[in-house]
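Trainee: Take this structure first; my questions come after.
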Amino acid sequence: MSELLTKGQEQILASEGISVTLRSNRRITWEKFLQHKLAVVASIFLILLALLCFLAPVIAPFEFDAIDLSNIRKGPTLKHWLGTDALGRDLLTRLLYGGRISITIGLTAALLGSALGTIIGSTAGYFGGRIDNLLMRLTDLAYSIPTLPLIIVISSYANTQAFGIVVIIGFFSWMHTARVVRGAILSVKENEYVTAALALGAKDRIIILRHVLPNISNSIIVGATLGVGNAIITESSLSFLGLGVSPPTPTWGNMLMDSQATMASQPWLTIFPGMAILLTVLCVNFIGDGLQDALDPTL
Amino acid sequence: MLKYVIRRTLQMIPLLFAISIVIFTIIQAAPGGPEGTLLDRGMFVDPAAIDAYRARLGVDQPVYIQYFKWIGAMLTGDMGISFQTQRPVFMMILERLPDTLRLMGLSFLVAAVIAIPLGVFSAVKQYSAFDFIATGASFVAIAMPVFWFGLMMQYFFSVKLQWLPVAGTVTVGVGGFVDELKHIIMPATVLSLHSIAGWSRYMRSSMLGVLNQDYIRTAHSKGLRKRTVITVHAVKNASIPVVSVMTLDIARLFSGAVITETIFGWPGIGRMFIQAMHARDYPLLMGIMMMGSTMVVVFNLVADVIYGWLDPRISYE
């Protein structure tokens, strides 16, 4: 812990007789996170972007489906900062509205995937034996089928509104979390405090929720953060193939759907939504990286 | 060793059966049979004709019978008949395989040749400007949707600079090695992007771990040149886990090929998969999915075997 303090600070504290270990774990984590400059910048940027997107109905200059036939396929101008599409709809407005959906899909799909992974992984790791064997074979199975093609096939016939996409992506992104959680539980389970809780007559459910999961939450949080970026990219890939959230509801992915055909004459329609995805996922991953460093007690 | 490979191969069999059941179930769960594509066009079709069509394709029977028929035929190497073309799925896949393998092979090679030196230099010059730029670039690459990177490449190199053809494998009437090379540059770059980013970061962290080992210090203190220590002692040991990851990723390149081939109109299996999806060509979809899954399972085993072969500390018990 002392590496967070400068030599001078340490000496002053020591001469005052103050122990540096008084700070809580949460505070140490927070301070370590603040040291990861990129993660801090990324967090601020992402929060701003999310705010802008979620306030879109208030701050967006136009309606997301407002058609302006006198201004179709215009490049960036003073009136339309990022240009307009083939129906004269303002690109900036649609990017903000699209961000709401894309970010929500990313967050909820990652949450669903992590929750599933945590449940499956903790059940397998805690109970062991046959249950473990069965669940891990299930994980192997899910890992063995190429995920993207599988998701593509399912979304080609399933309900492709935002909710459906979240369920489909979440349902096929739990495997990594499950393996990590299982491994972590196997080692946490050996601790004396788990034996003590058992001896005191605590139920399995209580032991998992109270004593085991809080001790492995680090790996779950980091995994979930990285899952957000993956889910946003998967959604955009599905939309690009025409399988994502259907228009006219804009998402960053479906805004790119038709852009390939018009890229030569209206490149901004391709460049800006892609930049939005890239920046968002980049920020999410930087945050994940910062969290990983901050939450890892061995560093 | 041989015992281990045999045991693992035997374990693959129930796994592949389970995979086949999942894939079959998911594809059968699609509403509207193959006649859906006919009905989608809004034409009136005689119900009797539809029944006859369904009977001819064998989709009028109960699902479990269809499964057993399909898997039984699969075991003899018969992957079924495509709904779309009425041709054997196996032949269709075989025809497309060379183009996909060419693309995947070149991508793999490009990725390996770039990623490994990148990771090594980053680790040796840790916290240098080079390391900073390489790590930053790999973060950007990982955050980039593959298809968007492809679109951007097309915009700059085909539309703006007009250096490279937008799509396809060869210009009709031109041909030749240079022309084919021009066509494959962009798809191969796009397909290898994530591998370059992932492998170089992996190589970097693996190198960093090795560089702190005692035997590296020993090698240095013996008076060996820095270059010798790094190339002979460090890189060799650090690349063991990376080689294993690279092997696993061969199967993942297949997933990437679906998107890449679609963008660049590359006539491989990935693009055929998307076409089969739109046409609800179930036998073809199942055939391609089974092939992809088998690749994952096989390369898993290969990766484990290579790992143990390169690192004698791993035992096969």
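The values are calculated or read from the model by the stated rules, or taken from the named source; none is laboratory data. Quick caveat: nothing in here was measured; it's all calculated off a predicted structure. With ideal geometry, Cβ positions are generated from the backbone for all residues, glycine too; neighbour counts draw on all protein chains shown.
Trainee: Quick one: A:L279 ticks every box in (1) closer than 13 Å to B:P145 by Cβ; (2) of a type in the set (A, V, I, L, M); (3) surrounded by fewer than 24 Cβ atoms within 10 Å (Cβ to Cβ); (4) more than 9 Å from chain B (Cβ to nearest Cβ) except a single one, so which number is it?
Mentor: (4)
Trainee: Can you tell me which of B:I259, B:I240, B:I274, B:I288 is farther than 30 Å from B:V170 by Cα and either outside any loop (DSSP other than H, G, I, E, B) or over 13 Å from the mean Cα position of the chain (by Cα) (or both)? If you could, list the steps in order and put the result at the bottom.
Mentor: Numbers: B:I259 fails: farther than 30 Å from B:V170 by Cα; B:I274 fails: farther than 30 Å from B:V170 by Cα; B:I288 fails: farther than 30 Å from B:V170 by Cα.
Selected residue: B:I240, the only one of B:I259, B:I240, B:I274, B:I288 that is farther than 30 Å from B:V170 by Cα and either outside any loop (DSSP other than H, G, I, E, B) or over 13 Å from the mean Cα position of the chain (by Cα) (or both).
Trainee: Which of the residues that make up the stretch B:144-177 are of a type in the set (S, T, Y) and touching an Asp or Glu at 6+ places or on another chain (Cβ under 7 Å)? So that I can check it myself, show each step before the final result.
Mentor: Our first condition is that a residue be of a type in the set (S, T, Y); within the stretch B:144-177, this holds for B:155, B:158, B:169, B:171.
Residues satisfying the conditions are B:T169, B:T171.
Trainee: To continue, here is another question. B:N212 versus (1) surrounded by fewer than 17 Cβ atoms within 10 Å (Cβ to Cβ); (2) touching a helix residue (DSSP H, G or I) at 6+ places or on another chain (Cβ under 9 Å); (3) not β-branched (V, I, T): which is the lone unmet condition?
Mentor: The one condition B:N212 does not meet is (2).
Trainee: If you check B:I274, B:I269, B:I263, which single one turns out to be in contact with a helix residue (DSSP H, G or I) (Cβ under 8 Å, 6 or more places away or on another chain) and closer than 28 Å to B:D304 by Cβ? Spell out how you get there, then give the answer.
Mentor: On the way: B:I274 fails: closer than 28 Å to B:D304 by Cβ; B:I263 fails: closer than 28 Å to B:D304 by Cβ.
The conditions single out B:I269.
Trainee: Would you please name the residue that is modelled with the highest pLDDT, looking only at residues in the stretch B:77-126 that are small (G, A, S) and farther than 30 Å from B:R204 by Cβ?
Mentor: B:S82
Trainee: With the condition kept exactly as written, say whether any residue in the stretch B:235-252 is away from every other protein chain (no Cβ under 11 Å), closer than 30 Å to B:Q28 by Cβ and not hydrophobic (A, V, I, L, M, F, W, C).
Mentor: no
Trainee: A:S246 is checked against (1) more than 9 Å from every other protein chain (Cβ to nearest Cβ); (2) more than 23 Å from the chain's Cα centre (by Cα); (3) not in a helix (DSSP H, G or I) and fails just one. What number does that condition carry?
Mentor: (2)
Trainee: Okay, next question. Could you run through the stretch A:208-232 and say how many residues are buried (at least 24 other Cβ atoms within 10 Å of the Cβ) and within 10 Å of chain B (Cβ to nearest Cβ)?
Mentor: 1
Trainee: Which pairs turn up if I take residues in the stretch B:249-276 that are at positive phi and look for partners that are not β-branched (V, I, T) with beta carbon separation below 8 Å, at least 6 apart in sequence or on another chain?
Mentor: Qualifying pairs under 8 Å: B:G265/B:A167; B:G265/B:G168; B:G265/B:R271.
Trainee: Checking B:D131 against (1) charged (D, E, K, R); (2) under 29 Å from A:F286 (Cα atoms); (3) not in a helix (DSSP H, G or I), which single condition isn't satisfied?
Mentor: Here B:D131 clears every test but (3).
Trainee: Based on what the data block shows, is B:T189 assigned to a loop (DSSP other than H, G, I, E, B) and touching a residue at least 12 places away in the same chain (Cβ under 8 Å)? Even if it seems obvious, please write down each step before you answer.
Mentor: Numbers: assigned to a loop (DSSP other than H, G, I, E, B): no; touching a residue at least 12 places away in the same chain (Cβ under 8 Å): yes.
It is false that B:T189 is assigned to a loop (DSSP other than H, G, I, E, B) and touching a residue at least 12 places away in the same chain (Cβ under 8 Å).
Residues are listed down the side, and each one gets a yes or a no for (1) at the interface with chain A (Cβ under 9 Å from one of its Cβ atoms); (2) basic (K, R); (3) touching a helix residue (DSSP H, G or I) at 6+ places or on another chain (Cβ under 9 Å); (4) under 29 Å from A:D258 (Cβ atoms):
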{"position": "B:I116", "(1), (2), (3), (4)": "no, no, yes, no"}
{"position": "B:V120", "(1), (2), (3), (4)": "no, no, yes, no"}
{"position": "B:V124", "(1), (2), (3), (4)": "no, no, yes, no"}
{"position": "B:A129", "(1), (2), (3), (4)": "no, no, no, no"}
{"position": "B:A134", "(1), (2), (3), (4)": "no, no, yes, no"}
{"position": "B:A141", "(1), (2), (3), (4)": "no, no, yes, yes"}
{"position": "B:W148", "(1), (2), (3), (4)": "yes, no, yes, yes"}
{"position": "B:F157", "(1), (2), (3), (4)": "no, no, yes, yes"}
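Trainee: Going through the stretch A:152-169 one residue at a time, which ones are within 10 Å of chain B (Cβ to nearest Cβ) and within 21 Å of the chain's Cα centre (by Cα)? Working first, answer last.
Mentor: Let us first name the residues in the stretch A:152-169 that are within 10 Å of chain B (Cβ to nearest Cβ), namely A:152-158.
Answer for the stretch A:152-169, where residues must be within 10 Å of chain B (Cβ to nearest Cβ) and within 21 Å of the chain's Cα centre (by Cα): A:I152, A:S155.
Trainee: What single numbered condition from (1) among the hydroxyl-bearing types (S, T, Y); (2) touching a residue at least 40 places away in the same chain (Cβ under 8 Å); (3) within 15 Å of B:K182 (Cβ to Cβ) fails to hold for B:S158?
Mentor: (2)
Trainee: What is the residue count in the stretch B:296-317 for residues that are crowded, with 18+ Cβ neighbours inside 10 Å and either touching a strand residue (DSSP E or B) at 6+ places or on another chain (Cβ under 7 Å) or within 12 Å of another protein chain (Cβ to nearest Cβ) (or both)?
Mentor: Summing the residues that are crowded, with 18+ Cβ neighbours inside 10 Å and either touching a strand residue (DSSP E or B) at 6+ places or on another chain (Cβ under 7 Å) or within 12 Å of another protein chain (Cβ to nearest Cβ) (or both) in the stretch B:296-317 gives 4.
Trainee: Right, next: Within 29 Å of B:Y155 (Cα to Cα) and modelled with pLDDT of 90 or more: which single residue out of B:S206, B:S195 fits that description? Working first, answer last.
Mentor: On the way: B:S206 fails: within 29 Å of B:Y155 (Cα to Cα).
From the options B:S206, B:S195, the qualifying one is B:S195.
Trainee: With B:I116, B:I93 as the choices, which residue is closer than 30 Å to B:P187 by Cα and either charged (D, E, K, R) or in contact with a Gly (Cβ under 9 Å, 6 or more places away or on another chain) (or both)?
Mentor: Details: B:I116 fails: either charged (D, E, K, R) or in contact with a Gly (Cβ under 9 Å, 6 or more places away or on another chain) (or both).
Matching residue, one of B:I116, B:I93: B:I93.
Trainee: If B:R87 passes every condition in (1) under 18 Å from B:V210 (Cβ atoms); (2) free of Cβ contacts under 8 Å to residues at least 24 places away in the same chain but one, which one does it miss?
Mentor: For B:R87, the exception is condition (1).
Trainee: Moving on. Take the residues in the stretch A:111-141 that are surrounded by fewer than 20 Cβ atoms within 10 Å (Cβ to Cβ) and small (G, A, S), then tell me which one is modelled with the highest pLDDT.
Mentor: Result: A:A115.
Trainee: Only one of (1) under 17 Å from B:I142 (Cα atoms); (2) in contact with a Ser or Thr (Cβ under 9 Å, 6 or more places away or on another chain); (3) at the interface with chain B (Cβ under 9 Å from one of its Cβ atoms); (4) touching a residue at least 24 places away in the same chain (Cβ under 8 Å) is not met by A:G288, so which one is it?
Mentor: (3)
Trainee: Look through B:Y53, B:Y64 and report the one residue that is out of contact with any Phe, Trp or Tyr (no Cβ under 8 Å at 6 or more places or on another chain), at pLDDT below 80 and either among the aromatic types (F, W, Y) or over 25 Å from B:H278 (Cβ atoms) (or both). Walk me through it before giving the result.
Mentor: Values: B:Y64 fails: at pLDDT below 80.
Within the list B:Y53, B:Y64, the selection yields B:Y53.
Trainee: On to the next question. Checking the condition modelled with pLDDT under 85, under 19 Å from B:M289 (Cβ atoms) and within 14 Å of chain A (Cβ to nearest Cβ), which residue from B:A18, B:A30 passes? Break it down into steps so the answer makes sense when it comes.
Mentor: On the way: B:A18 fails: modelled with pLDDT under 85.
Result: B:A30 is the single residue among B:A18, B:A30 that is modelled with pLDDT under 85, under 19 Å from B:M289 (Cβ atoms) and within 14 Å of chain A (Cβ to nearest Cβ).
Trainee: Any idea which of A:S265, A:S236 is outside any helix (DSSP H, G or I) and either over 18 Å from A:I105 (Cα atoms) or within 14 Å of chain B (Cβ to nearest Cβ) (or both)?
Mentor: On the way: A:S236 fails: outside any helix (DSSP H, G or I).
The conditions single out A:S265.
Trainee: Within the stretch A:198-207, is even one residue within 13 Å of chain B (Cβ to nearest Cβ) and charged (D, E, K, R)? Show your work before the answer.
Mentor: Taking the stretch A:198-207 and keeping what is within 13 Å of chain B (Cβ to nearest Cβ), we get none.
Within the stretch A:198-207, not a single residue is within 13 Å of chain B (Cβ to nearest Cβ) and charged (D, E, K, R).
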